[in-house]
Amino acid sequence: MTDGADSTSDASDRPNLVLVHCHDLGQHLGCYGADVDTPNIDRIAADGARMANSFCTAPQCSPSRSSMMTGYYPHENGVMGLAHMGWALGDGWETLPKRLRSAGYDTALLGFQHEVPDEPERLGYDYVDSGTKRALGLVDVVDDFFAGRADADDPFFVSIGIEEPHRPFRREYLPEETYDAYDPEEIPLDDFPYLPDAPGVREDVADLRSVISEVLDPAVGRYRESLADHGLAEETVFVFTTDHGLAIPRAKGTCYDPGIETALVVHRPGVVEGGAVHDALVTNADFTPTMLDLLGVDAPTDASGESFAPLLRGEPHDDRDRIFAEMTWHDRYNPIRAIRTERYKYVRNFSVLPKVFVPMDVAATASGREVHEEFHVPQRPTEELYDLEADPEESENLASDKKPFEPAAEASDPDPAHVDALDRLRDELTAWMESTDDPLLDGPVPYPDVE
(Lines give C-alpha, C1' and ligand atoms only; values in the text may rest on other atoms or scores of the structure.)
Protein backbone atom coordinates (compact mmCIF):
# COMPACT_ATOMS: atom_id res chain seq x y z
CA MET A 1 0.00 0.00 0.00
CA THR A 2 2.87 2.38 0.72
CA ASP A 3 5.41 1.26 -1.88
CA GLY A 4 6.41 4.69 -3.18
CA ALA A 5 7.37 6.01 -6.60
CA ASP A 6 10.92 6.77 -7.66
CA SER A 7 11.62 10.33 -6.52
CA THR A 8 15.40 10.31 -6.97
CA SER A 9 15.81 10.55 -10.74
CA ASP A 10 15.34 13.68 -12.83
CA ALA A 11 11.69 14.12 -13.78
CA SER A 12 12.19 16.90 -16.33
CA ASP A 13 12.53 14.54 -19.29
CA ARG A 14 9.45 12.48 -18.44
CA PRO A 15 6.24 12.94 -20.43
CA ASN A 16 3.15 14.61 -19.03
CA LEU A 17 0.00 12.58 -18.41
CA VAL A 18 -3.48 13.80 -19.34
CA LEU A 19 -6.24 11.50 -18.11
CA VAL A 20 -9.76 12.22 -19.37
CA HIS A 21 -12.37 10.07 -17.65
CA CYS A 22 -16.12 10.20 -17.93
CA HIS A 23 -19.07 8.55 -16.22
CA ASP A 24 -21.11 5.55 -17.31
CA LEU A 25 -19.89 5.14 -20.90
CA GLY A 26 -18.86 1.50 -21.17
CA GLN A 27 -17.55 0.99 -24.69
CA HIS A 28 -20.30 2.92 -26.44
CA LEU A 29 -18.03 4.60 -28.96
CA GLY A 30 -17.66 4.40 -32.71
CA CYS A 31 -14.13 2.98 -32.42
CA TYR A 32 -15.56 0.06 -30.41
CA GLY A 33 -18.14 -0.67 -33.08
CA ALA A 34 -21.09 1.11 -31.48
CA ASP A 35 -23.56 2.93 -33.70
CA VAL A 36 -22.75 6.41 -32.37
CA ASP A 37 -20.80 9.33 -33.83
CA THR A 38 -17.60 9.91 -31.82
CA PRO A 39 -14.99 11.12 -34.31
CA ASN A 40 -12.82 12.91 -31.75
CA ILE A 41 -12.41 9.98 -29.37
CA ASP A 42 -12.10 7.63 -32.34
CA ARG A 43 -9.19 9.77 -33.48
CA ILE A 44 -7.33 9.13 -30.20
CA ALA A 45 -7.65 5.42 -30.92
CA ALA A 46 -6.45 5.94 -34.49
CA ASP A 47 -3.44 7.95 -33.29
CA GLY A 48 -2.69 5.57 -30.41
CA ALA A 49 -3.87 2.22 -29.08
CA ARG A 50 -7.30 0.85 -28.18
CA MET A 51 -7.73 -1.83 -25.54
CA ALA A 52 -10.53 -3.98 -26.97
CA ASN A 53 -11.08 -6.05 -23.81
CA SER A 54 -10.78 -3.49 -21.06
CA PHE A 55 -12.91 -4.05 -17.95
CA CYS A 56 -13.41 -2.41 -14.57
CA THR A 57 -13.24 -4.04 -11.16
CA ALA A 58 -16.74 -2.89 -10.23
CA PRO A 59 -19.78 -1.72 -12.26
CA GLN A 60 -20.19 1.43 -10.17
CA CYS A 61 -18.38 4.70 -9.72
CA SER A 62 -16.37 4.95 -6.48
CA PRO A 63 -15.18 1.33 -6.23
CA SER A 64 -14.08 1.29 -9.86
CA ARG A 65 -12.32 4.63 -9.67
CA SER A 66 -10.56 3.68 -6.45
CA SER A 67 -9.19 0.57 -8.15
CA MET A 68 -8.04 2.65 -11.09
CA MET A 69 -6.21 5.10 -8.81
CA THR A 70 -4.63 2.54 -6.44
CA GLY A 71 -4.13 -0.73 -8.35
CA TYR A 72 -6.17 -2.72 -5.80
CA TYR A 73 -9.62 -4.30 -5.86
CA PRO A 74 -12.44 -2.50 -4.02
CA HIS A 75 -12.60 -5.01 -1.17
CA GLU A 76 -8.83 -4.54 -0.71
CA ASN A 77 -8.81 -0.74 -0.58
CA GLY A 78 -12.09 -0.60 1.34
CA VAL A 79 -14.20 1.26 -1.22
CA MET A 80 -17.05 -1.25 -1.49
CA GLY A 81 -19.72 1.36 -2.13
CA LEU A 82 -20.16 5.03 -3.03
CA ALA A 83 -17.76 7.54 -1.47
CA HIS A 84 -20.46 9.99 -0.43
CA MET A 85 -22.23 7.17 1.40
CA GLY A 86 -19.33 6.28 3.68
CA TRP A 87 -17.01 4.18 1.50
CA ALA A 88 -14.31 6.79 0.82
CA LEU A 89 -10.70 5.89 0.05
CA GLY A 90 -8.56 6.28 3.18
CA ASP A 91 -5.82 8.89 3.39
CA GLY A 92 -3.13 6.22 3.81
CA TRP A 93 -3.54 4.83 0.31
CA GLU A 94 -0.87 5.62 -2.27
CA THR A 95 -2.81 6.91 -5.28
CA LEU A 96 -1.62 7.62 -8.79
CA PRO A 97 -1.35 11.40 -8.15
CA LYS A 98 0.54 10.78 -4.90
CA ARG A 99 3.02 8.48 -6.62
CA LEU A 100 3.53 10.94 -9.47
CA ARG A 101 3.94 13.86 -7.09
CA SER A 102 6.67 11.87 -5.30
CA ALA A 103 8.34 11.43 -8.69
CA GLY A 104 8.47 15.17 -9.35
CA TYR A 105 5.19 15.73 -11.16
CA ASP A 106 2.84 18.64 -10.60
CA THR A 107 -0.64 17.16 -10.11
CA ALA A 108 -4.04 18.67 -10.83
CA LEU A 109 -7.71 17.73 -10.84
CA LEU A 110 -10.13 19.54 -13.13
CA GLY A 111 -13.76 18.57 -12.75
CA PHE A 112 -14.95 15.32 -11.21
CA GLN A 113 -13.59 12.64 -8.90
CA HIS A 114 -15.48 10.19 -6.68
CA GLU A 115 -12.86 8.41 -4.60
CA VAL A 116 -13.52 10.73 -1.63
CA PRO A 117 -16.62 12.84 -0.91
CA ASP A 118 -14.73 16.11 -0.41
CA GLU A 119 -11.23 17.60 -0.16
CA PRO A 120 -9.82 15.83 -3.24
CA GLU A 121 -6.43 17.29 -2.32
CA ARG A 122 -6.19 14.28 0.00
CA LEU A 123 -5.78 12.11 -3.10
CA GLY A 124 -2.52 13.85 -3.95
CA TYR A 125 -3.55 16.78 -6.13
CA ASP A 126 -1.58 20.02 -5.83
CA TYR A 127 -4.29 21.98 -7.61
CA VAL A 128 -8.04 21.39 -7.80
CA ASP A 129 -10.71 23.14 -9.85
CA SER A 130 -14.08 21.42 -9.44
CA GLY A 131 -16.18 24.45 -10.29
CA THR A 132 -17.80 22.56 -13.15
CA LYS A 133 -18.03 18.90 -14.06
CA ARG A 134 -19.75 19.31 -17.42
CA ALA A 135 -17.76 18.33 -20.48
CA LEU A 136 -18.27 21.53 -22.47
CA GLY A 137 -18.02 23.70 -19.35
CA LEU A 138 -14.53 22.30 -18.76
CA VAL A 139 -13.22 23.39 -22.16
CA ASP A 140 -12.06 26.82 -20.98
CA VAL A 141 -10.83 25.43 -17.65
CA VAL A 142 -8.69 22.89 -19.46
CA ASP A 143 -7.39 25.49 -21.92
CA ASP A 144 -6.36 27.82 -19.10
CA PHE A 145 -4.57 24.96 -17.37
CA PHE A 146 -2.60 23.99 -20.48
CA ALA A 147 -1.75 27.64 -21.13
CA GLY A 148 -0.25 27.85 -17.66
CA ARG A 149 1.83 24.72 -18.27
CA ALA A 150 3.27 25.68 -21.66
CA ASP A 151 6.60 26.94 -20.27
CA ALA A 152 6.83 24.89 -17.07
CA ASP A 153 9.92 22.82 -16.32
CA ASP A 154 8.35 19.96 -14.36
CA PRO A 155 6.06 17.39 -15.96
CA PHE A 156 2.42 17.39 -14.96
CA PHE A 157 -0.42 14.96 -14.40
CA VAL A 158 -3.91 16.32 -14.87
CA SER A 159 -7.08 14.35 -14.24
CA ILE A 160 -10.04 15.75 -16.19
CA GLY A 161 -13.27 14.33 -14.79
CA ILE A 162 -16.45 14.63 -16.87
CA GLU A 163 -19.97 14.16 -15.53
CA GLU A 164 -21.58 13.04 -18.80
CA PRO A 165 -23.10 10.67 -19.72
CA HIS A 166 -24.28 10.16 -16.13
CA ARG A 167 -28.01 10.25 -15.53
CA PRO A 168 -30.12 12.23 -16.12
CA PHE A 169 -29.70 12.62 -19.87
CA ARG A 170 -31.07 16.16 -19.83
CA ARG A 171 -31.87 17.95 -23.03
CA GLU A 172 -30.70 21.29 -21.62
CA TYR A 173 -27.15 19.93 -21.49
CA LEU A 174 -27.12 19.75 -25.29
CA PRO A 175 -26.39 22.55 -27.73
CA GLU A 176 -29.79 23.95 -28.74
CA GLU A 177 -29.32 23.12 -32.41
CA THR A 178 -29.02 19.41 -31.56
CA TYR A 179 -32.15 19.08 -29.40
CA ASP A 180 -33.92 16.94 -31.98
CA ALA A 181 -30.87 15.33 -33.59
CA TYR A 182 -32.01 11.79 -32.83
CA ASP A 183 -35.53 10.48 -33.33
CA PRO A 184 -36.37 7.67 -30.87
CA GLU A 185 -38.48 5.99 -33.53
CA GLU A 186 -35.51 5.82 -35.88
CA ILE A 187 -32.74 5.04 -33.40
CA PRO A 188 -31.04 1.67 -33.96
CA LEU A 189 -31.04 -0.74 -31.02
CA ASP A 190 -28.49 -3.25 -32.34
CA ASP A 191 -26.06 -2.26 -29.56
CA PHE A 192 -28.61 -3.23 -26.89
CA PRO A 193 -29.74 -6.80 -27.62
CA TYR A 194 -30.33 -7.40 -23.90
CA LEU A 195 -33.13 -4.80 -23.78
CA PRO A 196 -36.63 -4.96 -25.29
CA ASP A 197 -37.56 -2.85 -28.28
CA ALA A 198 -39.91 -0.62 -26.29
CA PRO A 199 -40.70 3.13 -26.40
CA GLY A 200 -38.95 3.85 -23.10
CA VAL A 201 -35.79 2.08 -24.23
CA ARG A 202 -35.79 3.97 -27.51
CA GLU A 203 -36.27 7.28 -25.69
CA ASP A 204 -33.31 6.61 -23.38
CA VAL A 205 -31.01 5.39 -26.15
CA ALA A 206 -31.77 8.47 -28.24
CA ASP A 207 -30.98 10.77 -25.33
CA LEU A 208 -27.84 8.81 -24.44
CA ARG A 209 -26.60 8.98 -28.00
CA SER A 210 -27.23 12.73 -28.09
CA VAL A 211 -25.18 13.35 -24.93
CA ILE A 212 -22.27 11.22 -26.14
CA SER A 213 -22.07 12.55 -29.70
CA GLU A 214 -23.07 16.17 -29.15
CA VAL A 215 -21.46 16.90 -25.76
CA LEU A 216 -18.89 14.35 -24.61
CA ASP A 217 -17.06 13.72 -27.88
CA PRO A 218 -16.76 17.35 -29.04
CA ALA A 219 -15.46 18.37 -25.60
CA VAL A 220 -12.74 15.71 -25.64
CA GLY A 221 -11.75 16.92 -29.08
CA ARG A 222 -11.41 20.46 -27.73
CA TYR A 223 -9.16 19.26 -24.89
CA ARG A 224 -6.78 17.63 -27.40
CA GLU A 225 -6.80 20.71 -29.61
CA SER A 226 -5.90 22.87 -26.62
CA LEU A 227 -3.04 20.54 -25.68
CA ALA A 228 -1.65 20.86 -29.20
CA ASP A 229 -2.25 24.62 -29.40
CA HIS A 230 -0.06 25.15 -26.34
CA GLY A 231 2.75 23.00 -27.75
CA LEU A 232 2.34 20.14 -25.26
CA ALA A 233 0.98 17.28 -27.36
CA GLU A 234 4.29 15.72 -28.42
CA GLU A 235 5.50 15.34 -24.84
CA THR A 236 2.25 14.04 -23.34
CA VAL A 237 0.54 10.70 -22.80
CA PHE A 238 -3.16 11.27 -23.49
CA VAL A 239 -5.63 8.73 -22.10
CA PHE A 240 -9.39 8.51 -22.42
CA THR A 241 -11.40 6.07 -20.32
CA THR A 242 -14.55 5.65 -18.23
CA ASP A 243 -15.44 4.14 -14.88
CA HIS A 244 -17.88 1.35 -15.90
CA GLY A 245 -20.75 0.42 -18.17
CA LEU A 246 -23.69 2.45 -19.45
CA ALA A 247 -26.35 3.73 -17.06
CA ILE A 248 -29.07 1.57 -18.56
CA PRO A 249 -30.73 -1.63 -17.31
CA ARG A 250 -28.56 -4.78 -17.28
CA ALA A 251 -25.39 -2.72 -17.57
CA LYS A 252 -24.40 -0.43 -14.68
CA GLY A 253 -24.72 -2.30 -11.38
CA THR A 254 -24.23 -5.76 -12.92
CA CYS A 255 -21.19 -7.93 -13.61
CA TYR A 256 -22.43 -8.76 -17.10
CA ASP A 257 -20.13 -7.41 -19.80
CA PRO A 258 -22.24 -4.30 -20.47
CA GLY A 259 -21.73 -3.39 -16.80
CA ILE A 260 -17.98 -3.92 -16.56
CA GLU A 261 -16.65 -3.17 -20.05
CA THR A 262 -14.77 0.12 -20.31
CA ALA A 263 -13.38 2.18 -23.15
CA LEU A 264 -9.62 2.71 -22.88
CA VAL A 265 -7.56 4.47 -25.54
CA VAL A 266 -3.97 5.62 -25.05
CA HIS A 267 -1.83 7.94 -27.18
CA ARG A 268 1.87 8.66 -26.69
CA PRO A 269 3.60 10.08 -29.75
CA GLY A 270 6.57 8.03 -30.88
CA VAL A 271 5.96 5.25 -28.36
CA VAL A 272 2.44 3.86 -28.78
CA GLU A 273 1.79 2.65 -32.32
CA GLY A 274 -1.05 4.46 -34.04
CA GLY A 275 -4.12 2.39 -34.79
CA ALA A 276 -3.03 -0.53 -32.63
CA VAL A 277 -5.84 -2.69 -31.23
CA HIS A 278 -4.97 -5.01 -28.36
CA ASP A 279 -7.27 -7.92 -27.51
CA ALA A 280 -5.58 -8.76 -24.19
CA LEU A 281 -7.79 -8.87 -21.10
CA VAL A 282 -7.04 -5.88 -18.86
CA THR A 283 -8.69 -4.52 -15.76
CA ASN A 284 -8.64 -0.97 -14.46
CA ALA A 285 -6.75 -2.22 -11.40
CA ASP A 286 -3.93 -2.37 -13.97
CA PHE A 287 -4.24 1.33 -14.74
CA THR A 288 -1.93 2.85 -12.12
CA PRO A 289 0.88 0.30 -12.60
CA THR A 290 0.59 0.74 -16.37
CA MET A 291 0.69 4.53 -16.34
CA LEU A 292 3.65 4.62 -13.95
CA ASP A 293 5.51 2.14 -16.14
CA LEU A 294 4.70 4.10 -19.29
CA LEU A 295 6.01 7.30 -17.67
CA GLY A 296 9.20 5.68 -16.38
CA VAL A 297 8.21 5.83 -12.71
CA ASP A 298 8.57 2.91 -10.33
CA ALA A 299 5.27 1.03 -10.05
CA PRO A 300 4.10 -0.68 -6.84
CA THR A 301 5.31 -4.24 -6.54
CA ASP A 302 2.58 -5.50 -4.22
CA ALA A 303 -0.52 -4.26 -6.06
CA SER A 304 -3.17 -6.55 -7.52
CA GLY A 305 -2.97 -4.66 -10.79
CA GLU A 306 -0.29 -5.43 -13.37
CA SER A 307 1.36 -3.17 -15.93
CA PHE A 308 0.48 -3.75 -19.56
CA ALA A 309 2.74 -0.88 -20.70
CA PRO A 310 4.99 -3.35 -22.59
CA LEU A 311 1.98 -4.20 -24.73
CA LEU A 312 1.45 -0.50 -25.50
CA ARG A 313 5.11 -0.13 -26.41
CA GLY A 314 4.98 -3.12 -28.75
CA GLU A 315 7.14 -5.27 -26.48
CA PRO A 316 6.57 -8.89 -25.36
CA HIS A 317 3.93 -9.15 -22.66
CA ASP A 318 2.34 -12.00 -20.72
CA ASP A 319 -1.36 -11.33 -21.08
CA ARG A 320 -3.88 -12.00 -18.33
CA ASP A 321 -6.02 -15.09 -18.80
CA ARG A 322 -8.76 -13.84 -16.46
CA ILE A 323 -10.08 -10.72 -14.78
CA PHE A 324 -12.21 -10.32 -11.67
CA ALA A 325 -15.11 -8.01 -10.87
CA GLU A 326 -17.24 -7.35 -7.83
CA MET A 327 -20.03 -5.39 -6.27
CA THR A 328 -21.04 -5.10 -2.64
CA TRP A 329 -23.02 -1.95 -1.84
CA HIS A 330 -24.65 0.66 -4.05
CA ASP A 331 -28.04 2.13 -3.16
CA ARG A 332 -28.76 -1.31 -1.69
CA TYR A 333 -26.80 -4.39 -0.67
CA ASN A 334 -25.92 -6.26 -3.86
CA PRO A 335 -23.03 -8.66 -3.11
CA ILE A 336 -21.58 -10.19 -6.30
CA ARG A 337 -18.19 -11.60 -7.25
CA ALA A 338 -17.28 -12.61 -10.79
CA ILE A 339 -14.46 -14.04 -12.89
CA ARG A 340 -14.17 -13.64 -16.66
CA THR A 341 -11.89 -15.46 -19.05
CA GLU A 342 -11.75 -15.11 -22.81
CA ARG A 343 -14.49 -17.73 -23.12
CA TYR A 344 -16.43 -17.89 -19.86
CA LYS A 345 -18.06 -15.65 -17.27
CA TYR A 346 -18.82 -17.06 -13.80
CA VAL A 347 -20.89 -14.97 -11.37
CA ARG A 348 -21.54 -15.78 -7.72
CA ASN A 349 -24.43 -14.02 -5.99
CA PHE A 350 -24.27 -13.88 -2.20
CA SER A 351 -27.73 -12.75 -1.17
CA VAL A 352 -31.42 -12.85 -2.04
CA LEU A 353 -31.59 -10.45 -4.95
CA PRO A 354 -33.83 -9.51 -7.89
CA LYS A 355 -32.96 -11.15 -11.20
CA VAL A 356 -31.13 -8.04 -12.39
CA PHE A 357 -30.08 -5.21 -10.08
CA VAL A 358 -31.04 -1.84 -11.55
CA PRO A 359 -29.51 1.15 -9.70
CA MET A 360 -31.84 3.84 -8.43
CA ASP A 361 -30.67 6.39 -11.01
CA VAL A 362 -31.64 3.94 -13.77
CA ALA A 363 -34.71 2.28 -12.25
CA ALA A 364 -36.81 5.46 -12.37
CA THR A 365 -36.05 6.20 -16.02
CA ALA A 366 -38.04 5.38 -19.14
CA SER A 367 -35.97 2.25 -19.87
CA GLY A 368 -35.96 1.22 -16.21
CA ARG A 369 -39.75 1.23 -16.12
CA GLU A 370 -39.91 -0.88 -19.28
CA VAL A 371 -37.96 -3.77 -17.69
CA HIS A 372 -39.16 -3.56 -14.09
CA GLU A 373 -41.38 -6.63 -14.20
CA GLU A 374 -38.80 -8.76 -16.03
CA PHE A 375 -35.74 -7.67 -14.04
CA HIS A 376 -36.96 -6.79 -10.56
CA VAL A 377 -39.60 -9.38 -9.76
CA PRO A 378 -37.87 -12.76 -10.42
CA GLN A 379 -35.15 -13.93 -8.04
CA ARG A 380 -31.52 -14.28 -9.07
CA PRO A 381 -29.81 -17.71 -8.94
CA THR A 382 -26.85 -18.29 -6.66
CA GLU A 383 -24.50 -19.07 -9.55
CA GLU A 384 -24.35 -18.00 -13.18
CA LEU A 385 -22.13 -19.34 -15.95
CA TYR A 386 -22.05 -18.06 -19.51
CA ASP A 387 -20.21 -19.33 -22.57
CA LEU A 388 -19.21 -16.01 -24.12
CA GLU A 389 -18.26 -17.58 -27.45
CA ALA A 390 -21.68 -19.12 -28.00
CA ASP A 391 -23.66 -16.61 -25.96
CA PRO A 392 -22.02 -13.15 -25.93
CA GLU A 393 -25.25 -11.61 -24.63
CA GLU A 394 -25.01 -13.73 -21.44
CA SER A 395 -28.61 -14.86 -21.80
CA GLU A 396 -28.36 -18.62 -21.09
CA ASN A 397 -27.21 -19.51 -17.59
CA LEU A 398 -25.30 -22.82 -17.80
CA ALA A 399 -24.98 -23.20 -14.02
CA SER A 400 -27.67 -24.47 -11.71
CA ASP A 401 -30.57 -22.06 -11.44
CA LYS A 402 -30.87 -22.75 -7.71
CA LYS A 403 -31.71 -19.67 -5.68
CA PRO A 404 -30.71 -18.93 -2.09
CA PHE A 405 -32.78 -20.94 0.42
CA GLU A 406 -34.49 -22.83 -2.41
CA PRO A 407 -34.69 -26.62 -2.06
CA ALA A 408 -32.24 -28.29 -4.43
CA ALA A 409 -35.02 -30.46 -5.83
CA GLU A 410 -36.68 -27.37 -7.28
CA ALA A 411 -33.62 -26.28 -9.27
CA SER A 412 -32.18 -27.48 -12.57
CA ASP A 413 -28.69 -29.01 -12.77
CA PRO A 414 -25.71 -27.40 -14.53
CA ASP A 415 -25.23 -28.03 -18.24
CA PRO A 416 -23.09 -31.20 -18.28
CA ALA A 417 -21.00 -29.91 -21.20
CA HIS A 418 -19.71 -27.08 -19.03
CA VAL A 419 -19.40 -28.70 -15.59
CA ASP A 420 -15.60 -28.71 -15.73
CA ALA A 421 -15.52 -24.99 -16.51
CA LEU A 422 -18.03 -24.32 -13.74
CA ASP A 423 -15.99 -26.24 -11.17
CA ARG A 424 -12.73 -24.61 -12.24
CA LEU A 425 -14.04 -21.05 -12.24
CA ARG A 426 -15.85 -21.55 -8.94
CA ASP A 427 -12.57 -22.70 -7.37
CA GLU A 428 -10.57 -19.88 -8.97
CA LEU A 429 -13.01 -17.25 -7.76
CA THR A 430 -12.88 -18.63 -4.22
CA ALA A 431 -9.08 -18.74 -4.32
CA TRP A 432 -8.96 -15.11 -5.44
CA MET A 433 -11.32 -14.06 -2.66
CA GLU A 434 -9.17 -15.89 -0.11
CA SER A 435 -5.88 -14.51 -1.41
CA THR A 436 -7.20 -10.94 -1.31
CA ASP A 437 -8.90 -11.30 2.12
CA ASP A 438 -12.36 -10.60 0.79
CA PRO A 439 -14.58 -9.83 3.80
CA LEU A 440 -17.55 -11.35 2.00
CA LEU A 441 -16.14 -14.79 2.84
CA ASP A 442 -16.94 -14.08 6.49
CA GLY A 443 -20.58 -13.25 5.81
CA PRO A 444 -22.63 -10.15 4.90
CA VAL A 445 -20.61 -6.94 4.71
CA PRO A 446 -22.15 -4.30 7.01
CA TYR A 447 -22.69 -0.72 6.03
CA PRO A 448 -19.85 1.49 7.31
CA ASP A 449 -20.26 3.59 10.43
CA VAL A 450 -20.89 7.14 9.25
CA GLU A 451 -20.87 10.08 11.65
If the label point sits 7 Å along Cα→Cβ of residue 91, residues of segment 121-138 with amide N under 13 Å come out as 121-124
Would you mind checking segment 306-338 for residues with the amide N under 18 Å from a putative spin-label position 7 Å along Cα→C-beta of residue 276? 306-320
Suppose R0 equals 45 Å; then what is the FRET efficiency for residue 130 and residue 198 from their Cβ-Cβ distance, rounded to the nearest 0.05? 0.75
Cut-off under 20 Å on the C-alpha distance; same-chain residues fewer than 8 positions from residue 402 excluded. Which aspartates and glutamates are left, in chain and number order? 374, 383, 384, 387, 394, 410, 413, 415, 420, 423, 427
Any idea of the accessible area per residue across the chain, 1.4 Å probe, to the nearest Å²? 39
Kirkwood hydrodynamic radius (C-alpha pairs) into Stokes-Einstein, the chain, 37 °C and 0.692 mPa s, D in µm²/s: 147
Just need the relative contact order of segment 231-320 here, percent rounded to a whole number, with Cα pairs under 8 Å and 6+ apart. 22
May I ask you to order 386-398, 112-124, 325-337 by the average number of other C-beta atoms within 10 Å around their residues, highest value first? 325-337, 112-124, 386-398
Using a 1.4 Å probe, how large is the accessible area of residue 85, given in Å² and rounded to the nearest 10? 60
Compute the long axis of helix 217-229 from its Cα atoms, compare it with the longest principal axis of the Cα atoms of the chain, and write down the angle in degrees, 0 to 90, nearest 10. 20
Using r as the Cβ-Cβ distance of residue 435 and residue 154, and R0 as 51 Å, what FRET efficiency do you calculate, to the nearest 0.05? 0.85
Angle in degrees between helix 419-435 and the longest Cα principal axis of the chain, rounded to the nearest 10: 50
Carbon/sulfur accessible area of segment 339-403, % of total, 1.4 Å probe, equals 48
Under unit Cβ charges (Lys, Arg +1; Asp, Glu -1), what dipole magnitude, rounded to 20 debye, does the chain have relative to its Cα centre? 540
Let me have the 222 nm mean residue ellipticity of the chain computed from DSSP H runs of 4+ only, each contributing -39500 (n - 2.57), with the sum over all residues rounded to the nearest 500. -7000 deg cm²/dmol
Segment 309-451, dipole about Cα centre (Lys/Arg Cβ +1, Asp/Glu Cβ -1), debye to the nearest 20: 240
In degrees, nearest ten, helix 138-149 long axis to first principal axis of the chain (Cα): 40
So what is the relative contact order for the chain, in percent, with contacts set as C-alpha pairs under 8 Å and at least six apart? 22
Interchain or long-range residues, amide H under 5 Å from residue 34's placed H: 29
Candidate lysines for bridging to residue 403, where Cα separation is under 17 Å - those fewer than 8 sequence places away on the same chain excluded: 355
Could you compute the FRET efficiency for residue 37 and residue 442, with r as their C-beta to C-beta distance and R0 at 45 Å, rounded to 0.05? 0.40
Lys and Arg at +1, Asp and Glu at -1: add these up for the other residues within a Cβ distance under 11 Å of residue 92 and post the number. 0
Once the dipole of the chain is set up from charges on Cβ (+1 Lys and Arg, -1 Asp and Glu), the residue from the list 245, 271, 308 lying farthest towards its positive end is 245
Using the Cα centre as the reference, give the magnitude of the dipole from point charges on the C-beta atoms of segment 1-116 (Lys, Arg: +1; Asp, Glu: -1; all else neutral), rounded to the nearest 20 debye. 80
From the residues 341, 359, 385, which one has its Cα farthest along the dipole of segment 341-424 in the positive direction, the dipole being from +1 and -1 charges on Cβ of Lys/Arg and Asp/Glu about the Cα centre? 359
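The values are calculated or read from the model by the stated rules, or taken from the named source; none is laboratory data. Keep in mind that this is a model prediction, so the values were computed, not measured. Using ideal geometry, Cβ is built from the backbone for each residue, glycine included, and neighbour counts are taken over all protein chains shown. Just so you know, the surface numbers come from the protein's heavy atoms only, side chains and all, with ligands and any DNA or RNA stripped out. Shrake-Rupley method; radii C 1.70, N 1.55, O 1.52, S 1.80 Å.
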